[in-house]
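So the structure is just underneath, and the comments pick up after that.
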Protein chains: 2
Amino acid sequence: MIIDKQSTILVVGLGLIGGSYAMALSKRGYTVFAVSKEQDDIDYAKEKGIIKDGSTEVDSKFISNADIIIFALYPHIFVDWMKKYGQYISPGTLITDVTGVKGAVIDRINDFVPEGAEFIAAHPMAGKEVYGVQNADDGIFHDANFIIVPTRDNTPSAIEKCRLLGEILGFKTISYLNPKQHDEMVAFLSQLTHCIAVSLMCANGDPNLVNYTGDSFRDLTRIANINEEMWSELFLLNKQALLYEMDCYRVCFDKLYNAINDGDEQTIKSMMRLSTARRKMFNKDGK
Amino acid sequence: MIIDKQSTILVVGLGLIGGSYAMALSKRGYTVFAVSKEQDDIDYAKEKGIIKDGSTEVDSKFISNADIIIFALYPHIFVDWMKKYGQYISPGTLITDVTGVKGAVIDRINDFVPEGAEFIAAHPMAGKEVYGVQNADDGIFHDANFIIVPTRDNTPSAIEKCRLLGEILGFKTISYLNPKQHDEMVAFLSQLTHCIAVSLMCANGDPNLVNYTGDSFRDLTRIANINEEMWSELFLLNKQALLYEMDCYRVCFDKLYNAINDGDEQTIKSMMRLSTARRKMFNKDGK
């Protein structure tokens with residue numbers, strides 16, 4: 001199976017991720033259109049060759065002509081959009097997304113997918129701490145992971161087409177998780193890390209710290225620069241899994257706290273040895 | 001004041017930091033000798049022009065000929081060394097260090113500094129997650145902070161000489177903190193961040209995580225690859241300040257936990273706005 005170069009791809013939501021998808025697909029010869037709320041974003045993307053054309057209006061012809069539709073919207077806007085305009089999607093269209101939580105989204109989306117079209121959820125584990133199509137950069141996918149999140153309702157051909165999409169976008173590793181596994185993984189790897197960075201940054205307001213810091217604090221708090229609208233929505237949509245991961249992490253943090261308090265060098269060292277061994281697996285290029 | 005190019009500088013402890021100091025000083029034309037426990041490290045450093053010569057023996061002439069001695073040892077080894085060999089240091093010698101805690105170290109060192117010599121503590125806020133003189137790289141100082149930690153016993157000329165040393169090494173920003181301020185700062189910026197990374201890495205042992213992760217988790221846990229001998233010693237020597245910072249951080253983490261649990265979007269968002277505003281100050285090059 002291939003994704004035909006004659007395919008028409010519609011990106012809904014020209015932000016950093018939607019824009020980077022559009023950029024990657026246009027570079028590889030696909031015809032990409034966009035629907036997005038700001039005319040400036042459409043104009044910029046057209047001028048830079050990121051899309052062929054776009055509209056701030058949700059034009060029914062635009063939607064019905066698309067072979068693949070990629071949604072890069074906040075979860076609640078995605079659901080609202082499908083509720084209003086899902087009816088214009090043609091049979092045979094493959095719908096996918098980039099949403100950061102799945103359990104709370106997939107069922108609600110499927111309610112508005114017309115007969116003959118199919119929604120296959122996906123999550124590109126890539127990003128930057130900047131926003132907007134003006135920062136679009138398909139290079140962010142190259143060393144990154146792509147997660148496909150099928151349900152038992154998905155067809156093998158839609159799953160395979162989504163895998164091809166991840167390949168075309170340039171992702172290094174493509175994996176499959178069910179919605180529950182995905183949300184647990186994301187709670188730990190992504191949401192908990194953002195909770196940690198935000199909490200750490202809130203814990204000390206000394207404006208001189210920048211003159212004393214090393215890179216460890218800088219790297220750890222990079223993601224404390226956070227879009228509060230998007231992330232508060234993602235946290236609350238995945239509340240149960242996130243609270244569970246926060247609990248597990250707190251158990252380890254408290255264990256380390258108590259070991260320091262007790263002068264229990266053996267426990268401190270054994271935690272450090274475990275963290276060192278585990279962290280090595282995450283090094284890029286085996287380094 | 002300048003540091004005379006004819007000065008003889010002795011580095012005690014040729015690890016990553018001692019080696020990087022030696023490399024920077026040799027490049028700038030100073031004559032650098034080293035005392036270190038492994039002959040291989042001495043040989044490597046000599047061969048690469050990082051030092052002029054070195055010895056695994058603590059030779060009294062080596063020590064007494066030095067104008068400046070830089071200690072890059074674990075805290076307890078530094079203290080033991082001074083106890084045994086401090087007597088060989090000549091009057092007029094400037095002694096400095098790179099030790100990560102100060103309150104627990106400075107007074108003990110001063111007990112063994114001979115009349116006419118002077119110890120001025122300093123802390124280069126730079127490093128890597130690799131060890132040894134074989135990884136020495138004076139580039140790590142270029143965008144980094146250098147903290148001088150004078151006490152009321154230090155003379156203005158020693159403080160100024162230490163500032164010049166930081167300048168010669170290539171540090172971007174040089175600041176002054178007293179030992180208590182230093183240890184509080186380091187507890188927050190460095191030790192707490194390492195506690196967080198270690199705890200996070202200990203909280204989940206799923207070997208598949210590497211196929212799902214994004215860069216936020218990678219960046220946050222870079223320092224979970226940790227030298228347990230050195231860091232457990234640093235933690236315990238700065239126990240009071242570290243536990244205080246762990247407490248403050250936990251208050252913020254718990255506040256965020258409760259807000260998520262309560263669905264209190266306003267508190268979540270206000271913490272995120274605060275963290276975003278504060279984090280912007282830490283961006284390099286104003287980005």
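The values are calculated or read from the model by the stated rules, or taken from the named source; none is laboratory data. Note that the structure is predicted; figures quoted are calculated from it, not measured. Positions of Cβ are backbone-derived with ideal geometry, glycine not excepted, and every protein chain shown enters the neighbour counts.
Test B:Ala158 against the criterion of being modelled with pLDDT of 95 or more, farther than 22 Å from A:Cys202 by Cβ and of a type in the set (Gly, Ala, Ser), and give yes or no. So B:Ala158 fits the description; yes. In the range B:248-265, is there at least one residue being under 30 Å from B:Gly15 (Cβ atoms), at pLDDT 95 or above and outside the structural domain of B:Val105 (by TED's automatic domain parsing)? Yes, the conditions are met somewhere in the range B:248-265. Among the residues of the range A:211-221, is any touching an Asp or Glu at 6+ places or on another chain (Cβ under 8 Å) and at pLDDT 95 or above? Within the range A:211-221, not a single residue is touching an Asp or Glu at 6+ places or on another chain (Cβ under 8 Å) and at pLDDT 95 or above.
Considering only the range B:23-30, I want to know if a residue exists there that is of a type outside the set (Phe, Trp, Tyr), under 12 Å from B:Gln134 (Cα atoms) and assigned by TED's automatic domain parsing to the domain that holds B:Gly116. Looking for residues that are of a type outside the set (Phe, Trp, Tyr), under 12 Å from B:Gln134 (Cα atoms) and assigned by TED's automatic domain parsing to the domain that holds B:Gly116, one finds at least one in the range B:23-30, hence yes. For the range B:206-263, a tally of residues being surrounded by 17 or more Cβ atoms within 10 Å (Cβ to Cβ), not in a helix (DSSP H, G or I) and not polar (S, T, N, Q) returns 3.
Yes/no matrix, rows are residues, columns are (1) closer than 20 Å to B:Ile109 by Cα; (2) free of Cβ contacts under 8 Å to residues at least 60 places away in the same chain:
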{"site": "B:Ile148", "(1), (2)": "yes, yes"}
{"site": "B:Arg152", "(1), (2)": "yes, yes"}
{"site": "B:Ile159", "(1), (2)": "yes, yes"}
{"site": "B:Phe171", "(1), (2)": "no, yes"}
{"site": "B:Ser175", "(1), (2)": "no, yes"}
{"site": "B:Pro179", "(1), (2)": "yes, no"}
{"site": "B:His182", "(1), (2)": "yes, no"}
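Is it fair to say B:Thr193 is in contact with a helix residue (DSSP H, G or I) (Cβ under 9 Å, 6 or more places away or on another chain) and assigned by TED's automatic domain parsing to the domain that holds B:Val130? Walk me through it before giving the result.
On the way: in contact with a helix residue (DSSP H, G or I) (Cβ under 9 Å, 6 or more places away or on another chain): yes; assigned by TED's automatic domain parsing to the domain that holds B:Val130: no.
So B:Thr193 does not fit the description; no.
With the structure loaded, tell me whether B:Thr193 is closer than 26 Å to B:Asn110 by Cβ, of a type in the set (Ser, Thr, Tyr) and modelled with pLDDT of 95 or more or whether it fails that test. For B:Thr193, the condition - closer than 26 Å to B:Asn110 by Cβ, of a type in the set (Ser, Thr, Tyr) and modelled with pLDDT of 95 or more - is not met. If you go through the range A:146-202 and pick out every residue that is among the β-branched types (Val, Ile, Thr) and in a helix (DSSP H, G or I), you end up with 6.
Show the residue pairs that are 6+ apart or on different chains and have beta-carbon atoms under 8 Å apart, the first residue being within the range A:94-105 and over 15 Å from A:Glu118 (Cα atoms), the second being modelled with pLDDT of 95 or more and of a type in the set (Ser, Thr, Tyr). Matching pairs, first to second residue: A:Val98/A:Tyr21; A:Gly100/A:Ser190.
Taking the range B:251-270 as the range and being more than 7 Å from every other protein chain (Cβ to nearest Cβ) and not polar (S, T, N, Q) as the test, the residues that pass are B:Val251, B:Asp254, B:Lys255, B:Ala259, B:Asp262, B:Asp264.
Tell me, yes or no, whether the range B:114-125 has at least one residue that is within 11 Å of chain A (Cβ to nearest Cβ), assigned to a strand (DSSP E or B) and aliphatic (A, V, I, L, M). Among the residues of the range B:114-125, at least one is within 11 Å of chain A (Cβ to nearest Cβ), assigned to a strand (DSSP E or B) and aliphatic (A, V, I, L, M), which makes the answer yes. So A:Tyr74 ticks every box in (1) at pLDDT 95 or above; (2) of a type in the set (Ser, Thr, Tyr); (3) more than 27 Å from B:Arg218 (Cβ to Cβ) but one. Which box is left unticked? Every listed condition holds for A:Tyr74 apart from (3). In summary, A:Leu236 fulfils each of the numbered conditions (1) farther than 18 Å from A:Val198 by Cα; (2) within 9 Å of chain B (Cβ to nearest Cβ); (3) of a type in the set (A, V, I, L, M) with the single exception of condition (1).
Can you find a residue in the range B:96-108 that is of a type outside the set (Phe, Trp, Tyr) and farther than 30 Å from B:Leu192 by Cβ?
No, the range B:96-108 has no match at all.
Here is a yes/no grid of residues against (1) more than 29 Å from B:Asn145 (Cα to Cα); (2) among the aromatic types (Phe, Trp, Tyr); (3) in contact with a Leu (Cβ under 8 Å, 6 or more places away or on another chain):
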{"position": "A:Thr193", "(1), (2), (3)": "no, no, yes"}
{"position": "A:Glu229", "(1), (2), (3)": "yes, no, no"}
{"position": "A:Gln240", "(1), (2), (3)": "yes, no, no"}
{"position": "A:Asn258", "(1), (2), (3)": "yes, no, no"}
{"position": "A:Asp262", "(1), (2), (3)": "yes, no, no"}
{"position": "A:Glu265", "(1), (2), (3)": "yes, no, yes"}
{"position": "A:Lys269", "(1), (2), (3)": "no, no, no"}
{"position": "A:Arg273", "(1), (2), (3)": "no, no, no"}
{"position": "A:Lys284", "(1), (2), (3)": "no, no, no"}
